[in-house]
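Structure first, commentary second.
The values are calculated or read from the model by the stated rules, or taken from the named source; none is laboratory data. Note that this is a predicted model, so its numbers are computed, not measured. Backbone-built Cβ (ideal geometry, glycine too); neighbour counts: all protein chains shown. Ligands, DNA and RNA are stripped out before the accessible areas are found, and what is left, the full protein with its side chains, is counted by its heavy atoms. Shrake-Rupley method; radii C 1.70, N 1.55, O 1.52, S 1.80 Å.
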Amino acid sequence: MTSPIFGSGTNLTLSRAISDIRDRLGTVSQEAVTGRRTDLTASLNGRIDTAFLAQRAIDGLETDRGQLNLREIRLDLVQQSLAQVRDASAGLDTRLSAALGTGDTRRIELAADDAATAIDQIFSALNVRHGERYLFAGDATDTPPFSDGDALISDIRQIAITAIDAADFNAALNTYFNDPSGGFQQTLYGGTPTASDSDAVVGIDPAIAEILSGLSTLALGRRDEIIPLFDNEPEIFQSAATALFSGQTSIINLQADRGVIQQRVEREQQSLDVEETILVQTLNNLTARDQFEAASELQELQVNLEAAFLITSRLANLSILNFVR
């Protein structure tokens with residue numbers, strides 16, 4: 001008399017219903033939070049490939065944006081370093097020319113002291129890194145392009161000591177800085193002469209070499225330097241002033257070239273933003289789930305689950321005796 005009226009088939013049906021409601025609760029809960037459909041295959045039918053392609057394109061945009069951000073950071077660091085190169089040597093050409101015009105030896109010596117300091121500042125600026133990558137070392141990105149300025153001044157001092165006259169000195173100086181077999185590229189510079197990165201500037205760029213040529217020559221005008229050739233032919237210092245002026249102009253042009261690249265990178269980023277907006281809108285149209293609708297369904301499912309539990313409980317306690325009563 002205590003056996004339940006309804007058999008195991010009814011209980012099995014209710015158990016399955018409760019299990020289905022629970023599964024649906026999990027799905028709708030996630031959709032209510034994320035605003036996206038969980039089962040795209042069921043909701044999109046034959047358009048699932050379109051959604052996957054849109055998502056893949058969005059992921060690809062993130063990769064492209066990361067590469068552009070990397071280029072932007074490196075270009076900015078290069079621009080800052082080039083500005084430091086320009087600032088370190090700024091005004092020395094006019095100061096030197098004025099001192100030479102008046103024959104003021106003391107002012108020449110002061111300019112020479114500043115030139116030696118400027119070389120160290122420039123080498124420090126050119127040794128800039130992004131992470132572990134040296135930006136002015138060409139493809140030898142794990143090697144600092146320069147060590148210290150004393151080695152450069154020592155090389156130019158040796159050229160000055162062995163030169164016969166101003167013409168001989170200037171010819172040797174040109175070979176040292178501009179010839180691939182010269183000391184500047186072969187022994188002083190630690191990077192490669194070219195870079196596979198088209199955005200990069202190598203440390204032996206002609207603009208940089210020209211400024212260093214003028215500075216290293218001028219640095220030999222310090223009081224403790226004894227260079228008979230410079231005493232006899234002071235026009236060598238005027239050539240150094242000309243090199244500094246020309247190098248300053250070349251650095252500005254180099255910065256302008258990198259500025260053009262920076263503008264191009266910025267335009268590419270803007271283009272990616274537009275493309276991403278279109279793709280995200282397309283993906284949302286395919287996969288978005290109205291969160292208010294999902295919340296309403298979630299509430300309805302909760303009510304249904306409670307009702308199913310209540311029915312199950314009542315059926316479990318229902319017997320023939322209770323039914324007769």
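For ALA51, the test of being under 30 Å from ARG267 (Cα atoms), modelled with pLDDT under 95 and either open to solvent by less than 10 Å² (accessible area, probe 1.4 Å) or basic (Lys, Arg) (or both) is passed. Scanning segment 168-202 for residues that are open to solvent by 30 Å² or more (accessible area, probe 1.4 Å) and touching a Leu at 6+ places or on another chain (Cβ under 8 Å) yields nothing. The residues of segment 56-77 that are β-branched (Val, Ile, Thr), farther than 18 Å from GLU132 by Cβ and open to solvent by 70 Å² or more (accessible area, probe 1.4 Å) amount to a single one, THR63. Set side by side, the residues LEU229, LEU244, LEU215 differ, and just one is under 15 Å from ILE153 (Cα atoms) and among the aliphatic types (A, V, I, L, M), which is LEU215. Of all positions in segment 98-109, none carries a residue that is in contact (Cβ under 8 Å) with a residue 60 or more places away in the chain, closer than 15 Å to ILE251 by Cβ, in contact with a Phe, Trp or Tyr (Cβ under 9 Å, 6 or more places away or on another chain) and surrounded by 16 or more Cβ atoms within 10 Å (Cβ to Cβ).
Being part of a helix (DSSP H, G or I) and without any contact (Cβ under 8 Å) to a residue 12 or more places away in the chain holds for only one residue in THR282, THR277, and it is THR277.
Across segment 146-170, the qualifying residues are those that are over 17 Å from TYR189 (Cβ atoms) and not aliphatic (A, V, I, L, M), and the one among them that is farthest from the chain's Cα centre (by Cα) is ASP165.
Taking the criterion of being open to solvent by 50 Å² or more (accessible area, probe 1.4 Å), among the β-branched types (Val, Ile, Thr), in contact (Cβ under 8 Å) with a residue 24 or more places away in the chain and farther than 20 Å from GLN255 by Cα, would at least one residue in segment 203-224 satisfy it? There is no residue in segment 203-224 that is open to solvent by 50 Å² or more (accessible area, probe 1.4 Å), among the β-branched types (Val, Ile, Thr), in contact (Cβ under 8 Å) with a residue 24 or more places away in the chain and farther than 20 Å from GLN255 by Cα. Condition first: charged (D, E, K, R), open to solvent by 20 Å² or more (accessible area, probe 1.4 Å) and in contact (Cβ under 8 Å) with a residue 60 or more places away in the chain. Can you find one or more residues in segment 118-137 that meet it? No, that holds for no residue.
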